Amino acid sequence: MRHPPVLLAAAAALCMSTTCGAAQPPAPRPPFAAAVTDVPGAKLGASHRPGCPVAAEHLRLIRMNHWGFDGKVHRGELIAHRDAVEPLLHAFGRAFDDRFPIRRMRVMAEYGGDDLKAMADGNTSAYNCRQVVGDPAKLSRHAWGDAVDINPVENPYVDVRGVVHPPTGREFLRRDRSRPGMIEDGGAFVTAFRTAGWYWGGRWGNPDYQHFSANSG
């Protein structure tokens, strides 16, 4: 079938305008974005009470983008000491650039300040005025707001009695096989926090793979 010259010319023009046959450029990657504000009382809830080592006015609410296990970008929330904001944004920004997936990121008030519930839910969190899980004689660094726990299921914690938290994280105690959401030595989080002078609990005798803090204790 012969096509009239006018139709052929129109098709050629259309092909040129849409780069016919050429690969389209990839969609731009969403940027890492964060907003830092004072903390509304409702966001603290049971995670803060009178007598805690840090006053509420010294805490900050961080709302930031993070990748999920579904491959999409989500908006999460952390509460931390004002002095911890910069290192946290540095580390989470690096992880975002690496598309490191985070299961969820909610303030501890949504769990009534209960760290066991938060870990079971795979929640990434920072400030929580509480004792050390499995060692109630000690106050956790989270009570100072300069510690963060990331993907607790994929990065479990072994307490002083040898109990694994959360129990569903037991299969991830084997660190010889890389899986999504696992924190690894040399990875974005470990490298970024080391640069900021923070410590990783994955190197402790009782490993706490989810934990980073400004203090080694």
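From the list ASN215, ASN151, the lone residue that is out of contact with any helix residue (DSSP H, G or I) (no Cβ under 8 Å at 6 or more places or on another chain), within 20 Å of ALA126 (Cβ to Cβ) and in a loop (DSSP other than H, G, I, E, B) is ASN151. Here LYS117 meets each of (1) in contact with a Leu (Cβ under 8 Å, 6 or more places away or on another chain); (2) more than 20 Å from ARG60 (Cα to Cα) with one exception, condition (1). The lone criterion from (1) assigned to a loop (DSSP other than H, G, I, E, B); (2) more than 18 Å from the chain's Cα centre (by Cα); (3) closer than 22 Å to ARG161 by Cβ left unmet by LYS138 is number (1).
Inclusion of ASP115 among residues that are open to solvent by 60 Å² or more (accessible area, probe 1.4 Å) and modelled with pLDDT of 85 or more is not warranted.
Only one of ARG49, ARG63 is free of Cβ contacts under 8 Å to residues at least 40 places away in the same chain and open to solvent by 60 Å² or more (accessible area, probe 1.4 Å). Can you tell me which? Exactly one of ARG49, ARG63 is free of Cβ contacts under 8 Å to residues at least 40 places away in the same chain and open to solvent by 60 Å² or more (accessible area, probe 1.4 Å), namely ARG63.
Selection within the range 119-140: residues that are in contact with a Lys or Arg (Cβ under 9 Å, 6 or more places away or on another chain) and of a type in the set (S, T, N, Q). The member of this set that is surrounded by the most Cβ atoms within 10 Å (Cβ to Cβ) is SER125. Among the candidates ALA84, ALA143, the residue that is crowded, with 22+ Cβ neighbours inside 10 Å and within 24 Å of ALA34 (Cα to Cα) is uniquely ALA84. Only one entry of ALA80, ALA84, ALA33, ALA95 meets the criterion of being small (Gly, Ala, Ser) and more than 15 Å from THR124 (Cβ to Cβ), and that entry is ALA33. Within the range 154-205, being open to solvent by 10 Å² or more (accessible area, probe 1.4 Å), closer than 21 Å to VAL132 by Cβ and assigned to a helix (DSSP H, G or I) holds for PRO167, THR168, ARG170, PHE172, LEU173, GLY202, ARG203. Among the candidates ASP176, ASP159, ASP121, ASP149, the residue that is without any contact (Cβ under 8 Å) to a residue 40 or more places away in the chain and either closer than 22 Å to VAL54 by Cα or over 16 Å from the mean Cα position of the chain (by Cα) (or both) is uniquely ASP176.
The values are calculated or read from the model by the stated rules, or taken from the named source; none is laboratory data. Being a predicted model, the structure only gives us computed values, none of them experimental. In this analysis, Cβ positions are derived from the backbone assuming ideal geometry, glycine residues included, and neighbour counts consider all displayed protein chains. Only protein heavy atoms, including side chains, enter the accessible area calculation; ligands, DNA and RNA are left aside. Shrake-Rupley method; radii C 1.70, N 1.55, O 1.52, S 1.80 Å.
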